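Quick notes on the structure that follows.
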Amino acid sequence: MSLQVIDDAVPAALFAQFQDWFANLAMLPGWRASKTAPGSFWHRNFVLSGIFNHHYSPGAVNPGMTHEALISQTHPLAQIARQFSEQHFAGLAFSRVWINVQGFGEDAAVHRDFEREYDGRSRAAVWYPMPAWELDWAGDFTVWNDANEIVRSVAIKPNRLVIFDGNPPHAARPLSRFATERRVSVAFGREVME
């Protein structure tokens with residue numbers, strides 16, 4: 001598994017535009033990191049057309065929610081998706097793009113983004129668009145190996161992008177009760193990088 005951390009992933013002006021756009025975006029409650037995850041959190045899908053084998057419930061998949069439909073729009077997330085596709089996914093179409101929002105007590109579970117048949121062929125990225133984040137608020141991005149040992153943990157920072165290959169088990173660690181802001185992450189993914 002390779003993991004890359006990129007700070008200042010989005011130009012400052014586009015980062016600011018995303019903040020304004022996101023402030024008016026309606027989020028949906030009840031999303032789970034996996035079918036068996038004990039907790040849920042706020043979420044919004046932008047690309048989840050089901051073009052590859054997946055583990056999502058039929059109600060979550062929408063054949064019209066494609067990469068092409070997203071990048072044809074003009075809002076900041078569409079611009080960022082175009083940028084990340086070109087810069088980090090060899091120009092390939094995303095099969096998944098969504099936003100997760102978590103506060104204290106809205107925990108994610110350890111999960112894999114893709115079915116195991118895509119191990120070694122998939123790529124995912126998580127971007128943190130919060131304008132500010134304190135180290136004491138926690139919420140780190142953590143990756144495990146198949147022996148359930150932590151192999152990497154990445155601190156959350158505004159405008160940080162974490163890219164990882166190979167479909168490893170991972171999770172957003174719980175937030176501290178001292179966190180005064182919600183943890184926002186935008187996930188981008190594709191099962192097959194060829």
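Distant-in-sequence amide contacts of ASP107, defined by a placed amide H-H separation under 5 Å and a gap of 5 or more residues or a different chain, comprise SER40.
Computed from phi, the 3J(HN,Hα) profile of segment 81-97 under the Karplus parametrisation 6.51, -1.76, 1.60 (θ = phi - 60°) reads 4, 4, 4, 5, 4, 5, 7, 10, 10, 6, x, 6, 6, 6, 9, 8, 9 Hz, with x in place of Gly and Pro.
Peptides 19-30, 40-51, ordered by how many other C-beta atoms sit within 10 Å of their residues on average, highest first, read 40-51, 19-30.
Between ALA26 and ARG82, take the C-beta separation as r, use R0 = 25 Å, and let me know the FRET efficiency to the nearest 0.05. Given R0 = 25 Å and the Cβ-Cβ separation, E is 0.60.
On the beta carbon distance between GLN73 and ASN148, with R0 = 35 Å, the FRET formula returns roughly 0.30.
Work through the residues other than TYR128 whose Cβ is under 12 Å from its Cβ and net out their charges, Lys, Arg +1 and Asp, Glu -1.
0
I want the local charge near LEU48. Using Cβ-Cβ distances under 13 Å, sum +1 for each Lys or Arg and -1 for each Asp or Glu among the other residues. Result for the neighbourhood of LEU48: +1.
Within the listed set PRO169, PRO131, PRO76, the residue fluctuating most in the Gaussian network model of the chain (springs between alpha-carbon atoms under 10 angstrom) is PRO131. Along segment 100-110 the Karplus relation, 6.51 cos²θ - 1.76 cosθ + 1.60 evaluated at θ = phi - 60°, assigns HN-Hα couplings of 10, 10, 9, x, 4, x, 9, 8, 9, 9, 5 Hz to successive residues, with x for each Gly and Pro. Solvent-accessible surface of the chain, averaged per residue with a 1.4 angstrom probe and all protein chains in place: 47 square angstrom.
Once you order the gyration tensor axes a ≥ b ≥ c over the Cα atoms, which shape class does segment 59-194 get: rounded for a/c under 1.5, otherwise prolate or oblate by comparing a/b with b/c? Note, shape of segment 59-194 comes out oblate. Here the accessible area is traced with a 1.4 Å probe on the protein chains. For segment 1-121, carbon and sulfur cover 53 percent of it. From helices alone, the chain scores -4500 deg cm²/dmol at 222 nm; the rule is -39500 (n - 2.57) for each run of n ≥ 4 DSSP H residues, then divide by the residue total.
Charge tally for PHE141 (other residues, Cβ to Cβ under 12 Å; Lys, Arg +1; Asp, Glu -1): +4.
The values are calculated or read from the model by the stated rules, or taken from the named source; none is laboratory data. Keep in mind it's a predicted model, so treat the numbers as computed, not measured. Note that we place each Cβ from the backbone using ideal geometry, even for glycine, and neighbour counts take in every protein chain shown. Accessible surface is based on the protein model in full, side chains and every heavy atom, while ligands, DNA and RNA are left aside. Shrake-Rupley method; radii C 1.70, N 1.55, O 1.52, S 1.80 Å.
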